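Reviewing the structure listed below.
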């Protein structure tokens, strides 16, 4: 497939999904062989590329070329530009809840005849933003699916879904990418190797985060080193200095929390064997993966999440980031005494 851009982002020609293995390779193979069930739940962290992957699979179903998806035929372009009438999207805007009225609208549309001779595809993202009534509204369609309709449900937090939803779907876990694959993909997109190597430690195997970092004019500024400074700190004074630097940086607050979340998530994946330790490029994250326990890394992820909630609730940002950074330092002393 040739590279290109759409209003939804880049065409996924920069990565071989079979190379990623796991759920990526499984789904690519099922679509290639046309051995599909009626509903799939794609579970993975925000920014890992669930929507792009879903569009890649959808284009494979509509593509008119022998090598599917080609990315250049009219059918592929309709899918990637959002102009295929048999592809219906139900998405949250500005992270707002998806109402039962919008769910009913989708159900009404799939009950009608398709425009073409192929399947109809329904993409829902993120599924956890559907209100409980909206989830229940779609449940009947998942239990008794219309003919030739395939649901791709994308979820950042599958635990927020009704249990009955997950039980009606084939659950496909889409983990972060190994650094080697992510590096190659970003270089294929034309980013200089020096900038890619600087972005990888903050990206945590997350293609969306990596692209945001590379597109950010401040991407090579002080915040690039935040993870290294936080993970390598060995004294209260170092953490206080780091916290002070973030005190008045409102824009940097979200970047800081995302960077820490991705670092601990990557360490946890390496610790549990989901990612090979050798695929983690940053030696500090490798050290945390080797030294900290699974429980410690999970607790730090929860602490980052709690800090984000506190910030959204207008709790004092300085106090919140101080508490988080001290928890990181305390955790480090348990496996690497100072």
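What follows draws every value from the coordinates through simple rules; no lab data is involved. In this text, all values refer to a predicted model and were calculated from it rather than measured experimentally. Counting neighbours? That spans all protein chains shown, and the Cβs are built from the backbone with ideal geometry, glycine included.
Looking at the calculated P(r) for region 258-338, what percent of the C-alpha pair distances fall above 19 Å? Walk me through the numbers on the way to the answer.
Numbers: 1184 of 3240 pairs.
Everything past 19 Å amounts to 37 percent.
Got a sec? How would 110, 285 order by Cβ neighbour count within 10 Å, fewest to most? Write out the running numbers ahead of the final one.
On the way: 110 19, 285 26.
The most exposed by this proxy come first: 110, 285.
Compute the Cα gyration tensor for region 179-335, then decide on rounded, prolate or oblate, letting a ≥ b ≥ c be the square roots of its eigenvalues: rounded whenever a/c is under 1.5, prolate when a/b is larger than b/c in the other cases, and oblate in all that remain.
Values: a/c = 1.83, a/b = 1.22, b/c = 1.50.
The shape class here is oblate.
Considering only DSSP beta bridges with both partners in region 5-173, what is the antiparallel share in %, to the nearest 5?
Values: 2 of 22 bridges.
In region 5-173, DSSP labels about 10 percent of beta bridges as antiparallel.
Pairing the Cα long axis of helix 193-203 with the longest principal axis of the chain, what angle in degrees results, from 0 to 90 and rounded to the nearest 10?
Compared with the principal axis, the helix lies near 90 degrees.
Among the DSSP beta bridges whose two residues both lie in the chain, what percent are antiparallel, rounded to the nearest 5? Write down the numbers at each step before the final one.
Working: 2 of 22 bridges.
Counting DSSP beta bridges with both partners in the chain, the antiparallel share is about 10 percent.
Determine, for 274, 87, the number of other Cβ atoms within 10 Å of each Cβ, and report the residues in order from fewest to most. Kindly include the intermediate steps, with their values, before the conclusion.
Numbers: 274 14, 87 23.
Ordered from fewest to most neighbouring Cβ atoms within 10 Å, 274, 87 come out as 274, 87.
Quick check: the angle from helix 317-335's long axis to the longest principal axis of the chain, C-alpha only, nearest 10 degrees?
Around 80 degrees separate the two axes.
Over all directions, the average projected area of the alpha-carbon convex hull for region 114-238 comes to how many nm²?
12.4
Return 317, 177, 335 ranked ascending by Cβ neighbour count within 10 Å, so the fewest neighbours appear first. Don't skip to the end; give the middle numbers.
Numbers: 317 18, 177 25, 335 13.
Least crowded to most crowded, the residues run 335, 317, 177.
Rounded to the nearest 500, what is the chain's calculated 222 nm mean residue ellipticity when only DSSP H runs of at least 4 contribute -39500 (n - 2.57) each, over all residues?
So the helix-based figure for the chain works out to -16000 deg cm²/dmol.
How would region 57-104 be classified by its alpha-carbon gyration tensor: rounded, prolate or oblate, with rounded meaning a/c under 1.5 and the a/b versus b/c comparison settling the rest?
prolate
What FRET efficiency comes out for the pair residue 92/residue 240, r = Cβ-Cβ distance, R0 = 35 Å, nearest 0.05?
Working: r = 38 Å, r/R0 = 1.09.
Working from the Cβ atoms, E equals 0.40.
If you average the sequence gap of Cα pairs under 8 Å that are 6 or more apart and divide by the length of region 5-173, what percent do you get for the contact order?
Values: 258 pairs, mean separation 49.7, N = 169.
Result for region 5-173 is 29 percent.
Can you tell me how region 35-129 classifies by the Cα gyration tensor, rounded, prolate or oblate, using a/c under 1.5 as the rounded cut? Don't skip to the answer; put the middle values down first.
Numbers: a/c = 1.91, a/b = 1.32, b/c = 1.45.
Oblate.
Using only Cα atoms, tell me the angle between helix 250-271 and the longest principal axis of the chain; keep it within 0 to 90° and round to the nearest 10.
Rounded to the nearest ten degrees, it is 80.
Under the √(5λ) rule applied to the eigenvalues of the Cα gyration tensor, what semi-axes describe the equivalent ellipsoid of region 285-330? Give them in Å, descending. All intermediate terms of the calculation are to be shown ahead of the outcome.
Numbers: eigenvalues 108, 22, 9 Å².
That gives 23, 10, 7 Å for the three semi-axes.
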